[in-house]
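These notes concern the structure reproduced below.
Derivation of every value follows stated rules applied to the coordinates shown; laboratory data play no part. Quantities reported herein were computed from a predicted structural model and do not represent experimental measurements. Cβ sites come from the backbone with ideal geometry, for glycine too, and all protein chains shown count toward neighbours.
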């Protein structure tokens, strides 16, 4: 049996990112792009988290994340603050401007979900989500030999 799941996941991500950017443009949302949306999503779930946590949850290297965070801070979406309890940590906080974008982001995410799962039954959606979660966990646990 030939396994090409890695290729499929990469292709799905590429197509999904492209469609997400097109939907942003169609709606005239210029405050964030797709990659920044993933960062915002993490902060919508929990504000005031360390950069390392955002890196892990978004799957972005800290070096890549740093440049995006600088742009987001300049555009008024986030604020970086030193952790009072541990001066080595920088915490990320949403601004009021970013909080105002949460409903836009939720609507975009729901639209993307509708696109991803078009023609699926509820049971198929649930099964797909469970499989994807298992794959994500496998990838997060992976260690080089």
Q: Could you work out how far helix 34-45 tilts from the main Cα principal axis of the chain, as a 0 to 90 degree angle to the nearest 10?
A: 70 degrees
Q | Gaussian network model of the chain, Cα within-10 Å springs - most flexible of 79, 125, 42 | A | 125
Q.
Just to confirm my numbers, what's the Cα centroid distance between segment 1-64 and segment 109-139 in Å?
A. 16 Å
Q: Set the Förster distance to 30 Å, then compute FRET efficiency between residue 86 and residue 133 from the Cβ-Cβ distance, nearest 0.05.
A: 0.45
Q | CD proxy at 222 nm, helix term only [per DSSP H run n ≥ 4: -39500 (n - 2.57); per residue of the chain; nearest 500] | A | -20500 deg cm²/dmol
Q: Consider the candidate values [x] 8.9; [y] 9.4; [z] 11.4; state which one is mean projected area of the Cα convex hull in nm² computed from the structure displayed.
A: [z]
Q: Kindly rank 49-57, 127-135 from highest to lowest mean number of other beta carbons found within 10 Å of each residue.
A: 49-57, 127-135
Q) Say we join alpha carbon atoms closer than 10 Å with springs in a Gaussian network model of the chain; which of 87, 13, 97 then has the biggest fluctuation? A) 87
